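One structure below.
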Amino acid sequence: MTLPLVPLVIAAAIARNGAIGRDNRLPWSMPGDLAYFRAITMGKPMIMGRLTFEAIGRVLPGRESIVVTRSVHAGPAPGFFRAESPEEAVALGQERAAAMGADEIMLVGGAQLFAALMPRVRRLRLSLIDLAPEADVFFPAVDPAVWREVARHVPPRHPGDEAAFVSVEFARQD
């Protein structure tokens, strides 16, 4: 008997201009969004590229990091797993989700992995940031023919947030 596949879900913060990063960092300070990110990723495996992992700097508490990299020097640390390809990362994500009892595998960046794995993604959990900063990394367009909005929440502004944001969830329409 095979277990049902755990859905792959993107978690990302996106500015009005589609920006998601600059110089391997978030181009804003949004403690409220970081709290939202923590809430939706807690207890789940997170797939990310090497640069995203380096920007985070460590395996986040209560989560596991599956890092797509060809570098054999990446890691190791408790909760750190290395994958050599996006496909290997998704397969490992299925294994880790089953081991953790997680109902989702979170894809958290970067842009190359978002683009490569978008056809396999079932849901988008996006923080839409009310800024348009200079950036060198952008999120792919959310095609309304493919995605439908299923939830929207406007959280209260957190002290230290540079701007307001809204959390929006999309589901694939197929």
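Each value in this text was obtained by applying a stated rule to the coordinates, not by laboratory testing. Keep in mind that what you see is a predicted model, and the values were worked out from it rather than measured. All Cβ positions, even for glycine, are placed from backbone atoms using ideal geometry, and neighbour counts span all protein chains on display.
Tell me the angle of helix 86-100 to the major Cα principal axis of the chain, expressed in degrees between 0 and 90 and rounded to the nearest ten.
Value to nearest ten degrees: 80.
Starting from the Cα-Cα distance between Ala171 and Asp103, subtract it from 0.36 nm times their residue separation and give me the gain in nm to one decimal. Each step should come with its number before you reach the end.
On the way: separation 68, 0.36 × 68 = 24.48 nm, distance 1.53 nm.
Full extension from Ala171 to Asp103 adds 23.0 nm.
Give me the number: length gained by fully extending Arg70 to Asn17, i.e. 0.36 nm times residue separation minus the C-alpha to C-alpha distance, one decimal in nm.
Additional length available on full extension: 16.0 nm.
For Ile47, what residues show an amide H to amide H distance below 5 Å, using hydrogens built from the backbone and excluding near sequence neighbours?
Amide H neighbours of Ile47, under 5 Å, 5+ apart: Ile66, Met106, Leu107, Val108.
Per 0.36 nm of contour for each residue apart, how much would the distance between Arg50 and Ala151 grow if the chain were fully extended, relative to their Cα-Cα spacing? Don't skip to the answer; put the middle values down first.
Numbers: separation 101, 0.36 × 101 = 36.36 nm, distance 3.06 nm.
Difference between extended and current length: 33.3 nm.
Along the Cα→Cβ direction, 7 angstrom out, place labels at Ala164 and Asp130. What is the inter-label distance in nm?
Once both label points are built, they end up 0.3 nm from each other.
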